[in-house]
Amino acid sequence: MKAHSAANLARFAYVPGVAILGGYVHQDVLSDTVLPDNFAYVGVVATYTLFDSLKRERGVKEAVAQQQAADLGVQLAKAKAAATVKSAYIELERSRDAYHLARQMLPATQTGVRLVSHTENSESGRTRAEADVFRAEKRYREAYAALTSLIVDGRPTTR
């Protein structure tokens, strides 16, 4: 908004400056031959520079260039916000899929299926699978909170 206003104001450099002035003087110092005791005046002053070596034109062009730069900055900010929300949504989808996969694998620990997280020293495959589910659910909830905060506040949450 500031850049648009500045560009509009820069165009006023082509308009002459006009001032209206007036006043009233009550004086006893000068005699009546120079000025009367009660004296009022009104005047108009106008200024315009004829030869400014293209300063006005350069000023207008500079303000228009700043306006265009500001418009590009707004587009960039919108694109960044959209990309941030999109990446947060993709992270939410990925964590949701991981959570659902971990939930599906939880009953498989009882049927003798060996999970990647198992080692030879593992005491309980079921406990590890439950821990995987809890971790996946935690990541899902964090991704959901991050996406919600981006949509509501427009600011990402810190972990």
Q.
Given axes a ≥ b ≥ c from the Cα gyration tensor, I'd like to know whether segment 1-110 is rounded (a/c under 1.5), prolate (a/b larger than b/c) or oblate.
A. prolate
Q. What number comes out for the charge environment of Lys61, summing +1 per Lys or Arg and -1 per Asp or Glu over other residues with Cβ under 13 Å away?
A. +2
Q: With a Förster radius of 30 Å, plug the Cβ-Cβ distance of Gln104 and Lys78 into 1/(1 + (r/R0)^6) and report the FRET value to the nearest 0.05.
A: 0.15
Q: Please find the FRET efficiency linking Lys86 to Arg135, where r is the Cβ-Cβ separation and R0 is fixed at 22 Å, and quote it to the nearest 0.05.
A: 0.35
Q) Going from the alpha-carbon gyration tensor of segment 1-63, what semi-axes, largest first and in whole Å, does one get by taking the root of 5 times each eigenvalue? A) 43, 14, 7
Q | Label point distance in nm, Lys2-Ile20, each placed 7 Å from Cα along Cα→Cβ | A | 3.4
Q: Take Ser5, Ser87, Ser53 and order them by how many other Cβ atoms sit within 10 Å, fewest up front.
A: Ser53, Ser5, Ser87
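Rule-based calculations on the coordinates, nothing more; no lab input. It should be emphasised that the depicted structure is a prediction, and the values quoted were computed from it without experimental measurement. Every residue, glycine as well, gets a Cβ built from its backbone with ideal geometry; the counts of neighbours run over all protein chains shown.
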